[in-house]
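Here's the structure we're looking at; comments come further down.
Only the coordinates and a few stated rules stand behind these numbers; no lab work does. Treat the numbers as computed from the prediction; the structure is a model and nothing was measured. Backbone-built Cβ (ideal geometry, glycine too); neighbour counts: all protein chains shown.
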Amino acid sequence: MKFGGTGLAVAALALSAAIMAGVGAAVATSGPLDAAGIQSTVGGKRIYLATPFGGEFPLNYRPGGVVDGDGEALGLGKMMAPKDRGRWWIDGNRLCQQWKEWYDGRAYCFTLTRTGAKSLRWVRDDGLAGTARVD
């Protein structure tokens, strides 16, 4: 089944709008991350998206522009294809991604803002917003 707007409201996927508490030393929010900040924050990292139904949805932003996600642990197989792979890139000061199956392969871009040492707030180009934890 394809991932739709009612599946997981993310970056890659639907998230809660509440800001996650930062882990470690607090980082002041100073506005959206620029391209270099996005690269250093997500490149080669696992990002855990907070989900509106509890739990976290992991996305792996691999070097070279490959992103993959696996929602099997959250039981997403009933709502969507539980795993997908796509590509990610930076366009200006936005993180963009496009999945093979999720969102019917449509590309979305996100503005990212640090809310703590290991936490982010994201806003998708269509206004959907949520939080994530950086590992």
Here's a check for you: in the stretch 111-134, which residue that is farther than 16 Å from residue 51 by Cβ, out of contact with any helix residue (DSSP H, G or I) (no Cβ under 9 Å at 6 or more places or on another chain) and not hydroxyl-bearing (Ser, Thr, Tyr) is surrounded by the fewest Cβ atoms within 10 Å (Cβ to Cβ)? 127
I need every pair where a residue in the stretch 92-106 that is in contact (Cβ under 8 Å) with a residue 60 or more places away in the chain has its Cβ under 8 Å from the Cβ of a residue that is acidic (Asp, Glu), sequence separation at least 6 or different chains. 93/34; 99/84; 101/84; 102/84
If we ask which residues in the stretch 108-135 are in contact with a Lys or Arg (Cβ under 9 Å, 6 or more places away or on another chain) and free of Cβ contacts under 8 Å to residues at least 60 places away in the same chain, their number turns out to be 2
If residue 39 satisfies every condition in (1) free of Cβ contacts under 8 Å to residues at least 60 places away in the same chain; (2) of a type outside the set (D, E, K, R); (3) in a strand (DSSP E or B) but one, which is the exception? (3)
